[in-house]
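Inspection log for the structure reproduced underneath, given as structure tokens.
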Amino acid sequence: MNKIKKLFNSFFNAICVKKCVACKKLLNYDSEKLLCDDCDEEWEIAKMMVCTFCKEDHIDCRCGFGKKSVDSVRHLALYDDKDRESVVNKIIYRLKNSNDDSVFEFVADEMIKYIIEKKGLINTVCVSVPRNPRAINRYGYDHAEKLARIVADKLGIEYVNALRHRGGKTEQKNLKKQQREINAKKNCYIAESEIPKIKGRKILLIDDIGTTGAMTGVCAEILKNNGALKVKCVLAAKSG
């Protein structure tokens, strides 16, 4: 039976292509994980790191994250944009650029498993941090919206496309913190037609990565100013 099973597994591994969402290494067709063993080990370590500024576990760190408007913020792992070979970097890059369903499924499951307290989901809707339309045209999709829709679907709550981006030419990543906040306030706004859907509701605000927290804070402020009760931010990663 063992020989038959090995032959069966070899056959399905040959015809069923399943790849690690980080390094794209081929996985066994029956693997329950979406990461290979090496990437899985590195990912687990990345989730346990400490913020270099406040020395808190990064999952509890709120350095710069819109403290006036954000009621809580959670991020799965620390991110270093200079370390191109890190698992976190690869996952974030694929979220932004590949539109691969498997990496979105992985991050959504991780958010739900480690971050979101399901007991507090009554009267809660999902909202995403808006992507610049220029980037959407370039890549063909809004990664934060796609991630938020998957999270909402898995949790059985509504996704509300409340926040929009005017499409300014200046990119957040090229600015310092204070400039980022000014740029975010200039470009982000709420769709009036969606205001009734967030008024009096608790919000799960979803994004891929937070660097200074400027965009997250501005989005939370807009939601609060338009009637949201609480804003809990959930991000895939935080820049260390």
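The values are calculated or read from the model by the stated rules, or taken from the named source; none is laboratory data. As the structure is a computational prediction, the values presented were derived from the model and not from experiment. For neighbour counting, all protein chains shown are included, and Cβ atoms are generated from backbone atoms with ideal geometry for every residue, glycine included. Surface areas here come from the heavy atoms of the whole protein model, side chains and all, with no ligands, DNA or RNA. Shrake-Rupley method; radii C 1.70, N 1.55, O 1.52, S 1.80 Å.
Filter the range 161-177 down to the residues that are open to solvent by 90 Å² or more (accessible area, probe 1.4 Å) and either modelled with pLDDT of 85 or more or outside any loop (DSSP other than H, G, I, E, B) (or both), then identify the one that is farthest from Thr212 (Cα to Cα).
The extreme case among them is Arg166.
Quick one: which of Glu158, Glu145, Glu181, Glu192 is charged (D, E, K, R) and at pLDDT below 95?
Going through Glu158, Glu145, Glu181, Glu192 in turn, the sole match is Glu181.
Looking only at the range 96-126, which residues are more than 26 Å from Trp43 (Cα to Cα) and within 13 Å of the chain's Cα centre (by Cα)? If you could, list the steps in order and put the result at the bottom.
Narrowing the range 96-126 to residues more than 26 Å from Trp43 (Cα to Cα): 119-125.
Listed by number, the list is empty, since nothing qualifies.
Report, by residue number, each residue of the range 178-224 that is outside any helix (DSSP H, G or I) and of a type outside the set (A, V, I, L, M, F, W, C). Before you say what the answer is, go through the steps one by one.
Our first condition is that a residue be outside any helix (DSSP H, G or I); within the range 178-224, this holds for 188-191, 199-213.
Within the range 178-224, Tyr189, Lys199, Gly200, Arg201, Lys202, Asp207, Asp208, Gly210, Thr211, Thr212, Gly213 qualify.
Among the residues of the range 113-142, write down those that are touching an Asp or Glu at 6+ places or on another chain (Cβ under 6 Å) and of a type outside the set (S, T, N, Q).
Val125, Val129, Arg131, Ile136
Which of the numbered conditions does Ser102 fail, given that it passes all the others? Conditions: (1) in contact (Cβ under 8 Å) with a residue 60 or more places away in the chain; (2) closer than 27 Å to Lys197 by Cβ; (3) polar (S, T, N, Q).
All conditions are met except number (2).
Which one is modelled with the lowest pLDDT, of the residues in the range 29-66 that are in a helix (DSSP H, G or I), more than 16 Å from Asp80 (Cα to Cα) and open to solvent by 40 Å² or more (accessible area, probe 1.4 Å)?
Asp60
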